[in-house]
Structure formats: C-alpha cells, structure tokens
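Visitor: Take this structure first; my questions come after.
The values are calculated or read from the model by the stated rules, or taken from the named source; none is laboratory data. Quick caveat: nothing in here was measured; it's all calculated off a predicted structure. A quick note on method: Cβ atoms are made from the backbone with ideal geometry, for glycine too, and the neighbour counts reach across all protein chains shown.
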Amino acid sequence: MADTSLDLTLDAARLTAQLVDFPSVSGTEQPLADAIETALRALPHLTVDRYGNNIVARTHLGRPERVVLAGHIDTVPIAGNVPSRLDEDGVLWGCGTCDMKSGVAVQLRIAATVPAPNRDLTFVFYDNEEVAADLNGLRHIAEAHPDWLRGDFAVLLEPSDGQVEGGCQGTLRVLLRTKGERAHSARGWMGDNAIHAAAPVLARLASYQPRRPVIDGLEYREGLHAVGISGGVAGNVIPDECTVTVNFRYAPDRTEEDALAHVREVFADCGVAEFVVDDHSPGALPGLSHPAAAAFIEAVGGTPQPKFGWTDVSRFSALGIPAVNYGPGNPLLAHKRDERVETAKILAAEERLRAWLTA
C-alpha cells in the first residue's frame, strides 16, 4: 500500500518530490488535504482548522503582526509526468513541481521548523485554484470563515522564479455570439452565415492596441485575445450561430466594472447578438509601499516585478490584506508537460523565508 503520510523533516526540495508523487488534480485533493492536516496537527505550536479540503493552521504568540503564507494544493491534469524525477543537474521534473507544490513544500517546512517566528503566522492550503473561480477553496474560506484569513500581509507562494511579483492582473472571459439563419449550403443565399458575421469581432481583436500602465513602478501589459471559436451545424448547412470566446487580461488599476465596460465598448458596433460574461476575477494593486511588504522585499532581495496573470493575491486584496507572489517555480514552466523546478531555488526560498521570520 502506498504511503499516504508526509515527512516534514525532509528539506523543501525532497518534500516537493513527495508532494508531486501525491497526485492532486483539481477536484481530487482530499487525500493530500488529509495528509497535510495530519502532518500539521502533529505540530503543537499550531492550531489547525479545516473547511472542505482547505486547511488553515495558525500560531498564537501575541506578536504585533500576522503574516499569511498561502498556496493551492491542486494541479492541472497529469500529462504522463508523475512520479517526479530528479536529474543530475538538480532539476526536479513532474506535474506540480513549478505550480505550485514547491511553494507548498516551503510553507510546510516553515510551519514545521519555525515554531516561534517573529510574526504570528497563518498557513493556508486550499483546493481548486486551477479551475473555475466559483470552486476556488480560498474563496470558500473567505466567504465562510474570513476570520481565519485575518492578517497584516500575505505571501502567496505561486511560481515567481524566486522574485517578488506585485499585485496581479484581472481576468475577464466573455462569450460573443453572432446569429444568422440556417439554410442548405447549396442555396446559401437563402440563409445568413453566423460564422461570417463574426468577422468584425476578429478584426477588432486583431487591431486592438493594449495599454501598458505603470503602477507603483511596475509596468503591466494588458491583453485582449480570442481564445476559442465555435460554430457550425453540418458540412452542408449554413450555421445560424457562432461564439467567439474572448479573454481580457487587464491591469489592476481597472475595477471589475471598468474592465467589463471597456470590453463592451470595444465590441459595441461589431454585430454581436449576445454578450455573456463567462468568468470574471478582479486584479490586485501591488501595495509595495506597505511597511510589511517593504520589509519582506528587503529581506528576500531582488527587484520586484509585475505579475502577468491572475493569482489569489486578488482575494487577499479584497479582504484589505496587501499581498505579493513569491515562489521558487518559474511561471513560464507552469502547466507544461515538461514542468520542472530547480531544487536550489526551492531551498533558497525556504531559507529566505526562514531568515525573514526569525531575524
């Protein structure tokens, strides 16, 4: 029978391998959540709470500041890349090595080896980050138990290649539907082709010029892209409906309302019959001027970068908690079949966080 326990005495690199070998594709996280809960309950300096497959562990030392260290325990579907593999160059390969079991390993190691940190700590391990926003475990905790997430500053250990990444982009996905009239393709003039009617939408996307605003010294790049198109009935039928799926990645100086209004304006005269919001999560401002953020940046070093993509720092921002992304994985390798992480960067992240929390 396979071992279903976690060994928190392993260093963060070896613990990452153990986590990768513990499959947890979105929706199947319960065994890993069970193992994390069991491992954390064995640590006397922590109180542990569970909500669904989400685990929250906290110190209660009466420190004047509380820091939240958070990470999701799910991965994208496995692509023949489990179990993990360590090569001769010290690179660990496998699903989740980068996004983000290396970050989770660092969290677990800090939980196990820093019993008396200079700040009170809250560790959050949550499910379903890689799927639709309504399933997100951090969202569920924030809605049901917001007191569990109370803090002055948060670090989300998403892959950032060992650099501090401030804020995150918002993401809006909309379905743009055009309508037509079915007809036999041999008598196409009797119908109205909905796929052809989508041409103005595609032309507008091709000519779109995105903004590149600078916020807190960080330059964000927006993007408006077609990420899917569907239509057609049969090989001899003029289609009466076509759907173009569009994703808008927007800078955190836009609100959700501003982003939606902008996309509506872009396609206002493109003959869209239906405009449907399919998914929407707001961005988060960098907040790098907050004293806790400034202290963290000084401790871990490097030059802060903007976060291209959406992460759950947005949820902390909504709770009034400034947050940054900081993890050992390279975000360019996330979700790839050849996903991997340098073990040296995992160990460096562990040591930098430990130094910050024990100085």
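Visitor: Find all pairs meeting these conditions: Cβ atoms under 9 angstrom apart; at least six residues apart or on different chains; first residue within region 33-48 and closer than 16 Å to residue 105 by Cβ; second residue among the charged types (D, E, K, R) and surrounded by 19 or more Cβ atoms within 10 Å (Cβ to Cβ).
Guide: Correct list of pairs: 33/127.
Visitor: Restricting the search to region 1-41, which residues are among the small types (Gly, Ala, Ser) and closer than 21 Å to residue 91 by Cβ? Before the answer, list the steps.
Guide: Taking region 1-41 as the starting set, the residues that turn out to be among the small types (Gly, Ala, Ser) are 2, 5, 12-13, 17, 24, 26-27, 33, 35, 39.
The answer is 12, 13, 17.
Visitor: State which residue is farthest from residue 282 (Cα to Cα) when the search covers only region 172-227 and only residues that are of a type in the set (Gly, Ala, Ser) and under 22 Å from the mean Cα position of the chain (by Cα). Steps first, please.
Guide: Our first condition is that a residue be of a type in the set (Gly, Ala, Ser); within region 172-227, this holds for 180, 183, 185-186, 188, 191, 194, 197-199, 203, 206-207, 217, 223, 226.
Going one step further and asking which of them are under 22 Å from the mean Cα position of the chain (by Cα), we end up with 223, 226.
Numbers: 223: 15, 226: 19 Å.
For region 172-227, the residue satisfying everything is 226.
Visitor: Can you pull out every residue in region 280-308 that is outside any loop (DSSP other than H, G, I, E, B), closer than 30 Å to residue 198 by Cα and modelled with pLDDT under 90?
Guide: 281
So that you can scan it fast, the table gives a plain yes or no per residue for (1) surrounded by 16 or more Cβ atoms within 10 Å (Cβ to Cβ); (2) more than 30 Å from residue 315 (Cα to Cα); (3) in contact with an Asp or Glu (Cβ under 9 Å, 6 or more places away or on another chain):
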| residue | (1), (2), (3) |
| --- | --- |
| 224 | yes, no, no |
| 236 | no, yes, no |
| 259 | yes, no, no |
| 290 | yes, no, yes |
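Listed here are the residues, each with its yes/no results for (1) buried (at least 21 other Cβ atoms within 10 Å of the Cβ); (2) of a type outside the set (A, V, I, L, M); (3) assigned by TED's automatic domain parsing to the domain that holds residue 295.
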{"position": "28", "(1), (2), (3)": "no, yes, yes"}
{"position": "45", "(1), (2), (3)": "no, yes, yes"}
{"position": "52", "(1), (2), (3)": "no, yes, yes"}
{"position": "57", "(1), (2), (3)": "yes, no, yes"}
{"position": "78", "(1), (2), (3)": "no, no, yes"}
{"position": "88", "(1), (2), (3)": "no, yes, yes"}
{"position": "100", "(1), (2), (3)": "yes, no, yes"}
{"position": "103", "(1), (2), (3)": "yes, yes, yes"}
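Visitor: Return the residues of region 137-162 that are crowded, with 20+ Cβ neighbours inside 10 Å and under 29 Å from residue 343 (Cβ atoms); say none if nothing qualifies.
Guide: 137, 138, 153, 154, 155, 156, 157, 158, 159, 160, 162
Visitor: Also, quick follow-up: Name the residues in region 321-336 that are in a loop (DSSP other than H, G, I, E, B), closer than 19 Å to residue 215 by Cβ and at pLDDT 90 or above, would you?
Guide: Listed by number, the residues that qualify are 321, 326.
Visitor: Next question. With (1) β-branched (Val, Ile, Thr); (2) surrounded by fewer than 18 Cβ atoms within 10 Å (Cβ to Cβ); (3) not assigned by TED's automatic domain parsing to the domain that holds residue 74 as the list, and residue 131 as the residue in question, which single condition is left unmet?
Guide: (3)
Visitor: Going by the conditions given, is residue 313 crowded, with 21+ Cβ neighbours inside 10 Å and touching a Leu at 6+ places or on another chain (Cβ under 7 Å)?
Guide: Yes, satisfied.
Visitor: Give the residues of region 60-80 that are over 30 Å from residue 28 (Cβ atoms) and in a loop (DSSP other than H, G, I, E, B), sorted by residue number.
Guide: Those that are over 30 Å from residue 28 (Cβ atoms) and in a loop (DSSP other than H, G, I, E, B): 60, 61, 62, 63, 64, 65.
Visitor: Would you be able to say whether some residue in region 233-241 is in contact with a strand residue (DSSP E or B) (Cβ under 6 Å, 6 or more places away or on another chain) and either among the polar types (S, T, N, Q) or under 16 Å from residue 308 (Cβ atoms) (or both)?
Guide: no
Visitor: Does at least one position in region 254-261 carry a residue that is assigned to a strand (DSSP E or B), under 33 Å from the mean Cα position of the chain (by Cα) and closer than 30 Å to residue 311 by Cα? First the steps, then the outcome.
Guide: Within region 254-261, the first condition is being assigned to a strand (DSSP E or B), and the residues that meet it are none.
Scanning region 254-261, I find no residue that is assigned to a strand (DSSP E or B), under 33 Å from the mean Cα position of the chain (by Cα) and closer than 30 Å to residue 311 by Cα, so the answer is no.
Visitor: What pairs can you find where one residue is in region 289-306 and of a type in the set (Lys, Arg), the other is at pLDDT below 90 and in a strand (DSSP E or B), and their Cβ atoms are less than 8 Å apart, with a gap of 6+ or different chains?
Guide: Close Cβ pairs (under 8 Å, with a partner that is at pLDDT below 90 and in a strand (DSSP E or B)) do not exist here.
Visitor: Go through region 107-222 and tell me which strands (runs of 3 or more DSSP E), entirely inside it, have 1 or more residues that are in contact with a Leu (Cβ under 9 Å, 6 or more places away or on another chain) and polar (S, T, N, Q).
Guide: Working: elements: 120-126, 153-156, 170-179.
By residue number, 120-126.
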